[in-house]
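Report on the structure given below.
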Amino acid sequence: VVEALYKQVIIRQQEDELIKNYAQAYSEMKPKEAAEIFEKMTDNLELVAKILWQMDPDARGKILGVMDEEVAAKLTKIMDPQ
């Protein structure tokens, strides 16, 4: 049981690190370019929301600001901490 929990923790840490790497890469792109890629990922908005959440608020805002309004609204609802 302890070993299984340990493996889950390790997997979670690896996933978190991967999301942080994505966030950094997308933060370095022009907002319009990142937005266009995220808009094509409508089948996995949960992943997009995780990536955006890891970004600096300014970079996140710039990307959401140039996105399709519907997609940006859906992402904002997903990221809502409530």
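Where a number appears in this text, it was derived from the coordinates with a stated rule and is not lab data. What you see is a predicted model; the values in this text were computed from it and never measured. Note that we place each Cβ from the backbone using ideal geometry, even for glycine, and neighbour counts take in every protein chain shown.
Before moving on, here are some points about what is shown:
- MRE, 222 nm, helices only [DSSP H, n ≥ 4, -39500 (n - 2.57), over the chain, to nearest 500]: -25500 deg cm²/dmol
- Spin-label model, ALA25/LYS77: points 7 Å from Cα along the beta carbon direction are separated by 2.9 nm.
- Where a label projected 7 Å from the Cα of ASN44 along Cα→Cβ would reach, residues of the stretch 53-82 with amide N under 19 Å: 53-55, 71-72, 74-76, 78-79
- Estimated Rh, the chain: Kirkwood, alpha-carbon pairs, angstrom: 13.4 Å
- Loop-resident sites, the stretch 3-70, for trypsin sites (Lys or Arg not before Pro), counting at most 14 other Cβ within 10 Å (DSSP): LYS40
- Charge dipole (debye, nearest 20) of the chain; +1 at Cβ of Lys and Arg, -1 at Cβ of Asp and Glu: 120 debye
- Under 16 Å from the Cα of LYS40 - aspartates and glutamates, other chains or at least 8 residues apart: ASP68, GLU69, GLU70
- 15 Å Cα-Cα reach of LYS20 towards aspartates and glutamates, excluding residues that sit fewer than 8 places from it in its own chain: GLU28, GLU46, ASP56
- Legend: calculated FRET efficiency, ARG12 to ASP56, from the Cβ-Cβ distance at R0 = 22 Å, rounded to 0.05, equals 0.45.
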